[in-house]
Amino acid sequence: MAKIKTIGLLTSGGDAPGMNAAIRSVTRSAISKGFKVKGIYRGWEGLINNEIKDFTTESVSGIIRQGGTILKSARSERVRTEEGMRQAYDNMTANGIDALVVIGGNGSLRGAMEFANMFDVCCVGLPGTIDNDLYGTDSTIGYDTTVNTIVECVDRIRDTATSHERIFFVEVMGRDAGFLAQNSAIASGAEAAIIPEDTTDNDQLEVFMERGIRKSKKSCIVIVSENKDKGAYYYADRVKKEFPEYDVRVTILGHLQRGGSPSAHDRILASMTGYGAIEAITQGQRNIMVGIRNNELVYVPFSEAIRSDKPMDKKLISVLNVLSI
Ligand code: F6P
């Protein structure tokens, strides 16, 4: 395989706090090892459209504390087609790019895996998503900041919940994973979390009503993981019908939870994994995501990282249940 001289860098999928810290880390780590770096704008879509600029260490000055991504992001439909992939590859080679670093979530890393397999090129991924749903890494870039943002919002909602003695259903993101809901519920002292990982046959609302509010509480907060059929409105409507004595409200946090300056944890995770990505390329690794497990940098094959069943520690469910009575 030809020697890698130039690394292309892109962010793809939903933006996440800490993506800029990752861009900074990859750029500076690469330059320090003698690679050239090219920033690709608007993710895979930008590679297809040839939106590529040379990056220097100055290109990434002052961005470690900024949310979002200076490279912009997109959810590209065209990269799912053979024609789009081929155009992306042609632009990559025309710009002299020998390896790609892709910062993004599940869909973006799946794209990287397919691209790497199709053209036999080096692709390395960084786990950039607020959802924390990538396998093989303890945390993803953006997840910690988002949990903190949710907790800040729930603390405020608590004031109204208590003052008016209401039940609030607060809906948070996470796509198909409940990490944001479960951990923000523990950290905010919420009374319950309704998450997709609870696969018991129990009706989560019924269990919660019996366990919590009906016994001892006049107000409470339930964090609900987004779900197109059974989101916060679904549960609120049921409570209104089944327990009309309660005053119920819904808050959908939406994109409010995805923005903002990254936490120190996310900046460090992004800095470490960005550095790890360049080490991986130097060592001849390819088609892997760089993560951190038990405080150690790890290289996880793309095929494993994108598995859809990242396990949640079931103790988290017990902890919330015990502490919220
Ligand atoms: O994957 C990150 C995420 O924020 C999910 O939690 C959410 O379901 C989705 O992206 C929302 O995507 P968009 O910003 O494209 O509406």
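Please treat every number below as a calculation from the coordinates, not as lab data. No experiment lies behind these values; they were computed from the predicted model shown. As a convention, Cβ positions derive from the backbone with ideal geometry for all residues, glycine included, and neighbour counts pool all protein chains shown.
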Could you derive backbone 3J(HN,Hα) for segment 34-42 from the dihedral phi with the Karplus parameters 6.51, -1.76 and 1.60 (θ = phi - 60°), listing whole Hz in sequence and x where the residue is Gly or Pro? x, 7, 8, 10, 10, x, 9, 8, 6
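What ranking, highest mean first, results for peptides 188-198, 67-77, 225-235 when packing means the other Cβ atoms within 10 Å averaged over each residue?
Numbers: 188-198: 21.7, 67-77: 19.3, 225-235: 17.1.
With the highest mean Cβ count within 10 Å placed first, the list reads 188-198, 67-77, 225-235.
Kindly provide the helix-only [θ] at 222 nm of the chain, computed as the sum of -39,500 (n - 2.57) over DSSP H runs of four or more divided by all residues, to the nearest 500 deg cm²/dmol?
On the way: 12 runs with 134 residues, N = 325.
Taken over the chain, the calculation gives -12500 deg cm²/dmol.
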Integer Hz, Karplus 6.51/-1.76/1.60 couplings in order for segment 46-58, x for Gly and Pro: x, 5, 5, 8, 6, 8, 10, 10, 5, 10, 10, 4, 6
Could you let me know the centre-to-centre spacing of segment 1-55 and segment 147-178, using Cα atoms, in angstrom? 36 Å
Whole-Hz ³J(HN,Hα) from phi, Karplus 6.51 cos²θ - 1.76 cosθ + 1.60, for segment 92-104, glycine and proline x: 4, 6, 4, 8, x, 7, 9, 8, 10, 10, 10, 9, x
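Would you work out if segment 12-132 is rounded, prolate or oblate? Take a ≥ b ≥ c from the square roots of the eigenvalues of the alpha-carbon gyration tensor; rounded if a/c is under 1.5, else prolate when a/b is larger than b/c, oblate otherwise. Provide the component values of the computation, followed by the final result.
Details: a/c = 1.73, a/b = 1.23, b/c = 1.40.
Judged from the Cα gyration tensor, segment 12-132 comes out oblate (a/c at least 1.5, b/c at or above a/b).
Could you list the square roots of 5 times each eigenvalue of the Cα gyration tensor of segment 144-258, that is, the equivalent ellipsoid semi-axes, sorted largest first and rounded to whole Å?
Values: eigenvalues 80, 56, 31 Å².
In descending order the semi-axes read 20, 17, 12 Å.
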Tilt relative to the chain, helix 232-242 - C-alpha long axis, 0 to 90 degrees, to 10: 10 degrees
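Could you order the peptides 9-22, 96-109 from most to least packed, using the average number of other C-beta atoms within 10 Å per residue? Write down the numbers at each step before the final one.
Numbers: 9-22: 29.1, 96-109: 25.1.
Final packing ranking: 9-22, 96-109.
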Using amide H atoms built 1.01 Å from N in the peptide plane, name the residues 5+ places from I292, or on other chains, whose amide H lies under 5 Å from its own. D138, S139, V298
